[in-house]
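Report on the structure given below.
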Amino acid sequence: MKQELLTMNQKEITRLELVQRVTKKQISQIEASEALGVSSRQLRRLQKIYKQKGAWGLVSQRRGKASNNQLSVEMKRQAFELIKTHYSDFGPRLACEKLFERHQIKMSPESVRQLMLKEGLWVGKKRKKVVVHQTRTRRSKFGELVQIDGSPHDWFEGRAPACCLIVFMAL
């Protein structure tokens, strides 16, 4: 039991403790299912697994296994060779489109991006730092702040001398 707890993450330990408390009838199934964020039917399934396999049954069975959506090593190698020879100066999305269009290799743009980053063919743009400006404190009285704007222009279209329109705003 202690060995199993050492390999469990915090979420799995919490799940185990709640299932044990339900099994000992310390709390109801509804309370435990709400605490875990699962349905009461799912909690009964967890209880059944716990009774059959013990604490180890509540540990994720996918742990340590490769993803089902993983690309094959051969496909990655072939795509990399094509990108390196034909599309080394392309961005990931365009390279992805050309791989599919010309070579019938279907990969997501993110997979192509990861491949290009790993092999050093592409470097993403650095994001600009967001500059947060301090807000101006409000004036205590109306009219403390006066804004003036002038606009020199031939307002009268040659019928009179050019002049400047000036606007005052009291805020």
Item checked: Filter result (surrounded by 12 or more Cβ atoms within 10 Å (Cβ to Cβ) and not small (G, A, S)) within region 31-41 -> E31, E34, L36, V38
Item checked: Tabulated pairs, region 20-31, first under 11 Å from Q47 (Cα atoms) and in the same structural domain as K53 (by TED's automatic domain parsing), second among the hydroxyl-bearing types (S, T, Y) and surrounded by 12 or more Cβ atoms within 10 Å (Cβ to Cβ), C-beta under 9 angstrom, 6+ apart or interchain -> Q20/Y50; V22/S28; V22/S33; T23/Y50; Q29/S40
Next item on the list: May I ask you to verify whether R127 is basic (K, R), touching a helix residue (DSSP H, G or I) at 6+ places or on another chain (Cβ under 8 Å) and closer than 30 Å to Y87 by Cα?
Entry: no
Margin query: Let me confirm something: among L117, L121, L165, which residue is assigned to a helix (DSSP H, G or I) and modelled with pLDDT of 85 or more?
Written below: L117
Notebook entry, point to check: What are the residues in region 58-84 that are closer than 30 Å to T7 by Cα and touching an Asp or Glu at 6+ places or on another chain (Cβ under 9 Å), if any?
Noted result: L58, V59, S60
Next item on the list: State whether the residues of region 116-135 include one that is closer than 30 Å to Q10 by Cβ and surrounded by 10 or more Cβ atoms within 10 Å (Cβ to Cβ).
Entry: no
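The values are calculated or read from the model by the stated rules, or taken from the named source; none is laboratory data. Predicted model, so just to flag it, every value in this text is computed and none were measured. Cβ coordinates were reconstructed from backbone atoms using ideal geometry, including for glycine residues, and neighbour counts include every protein chain displayed.
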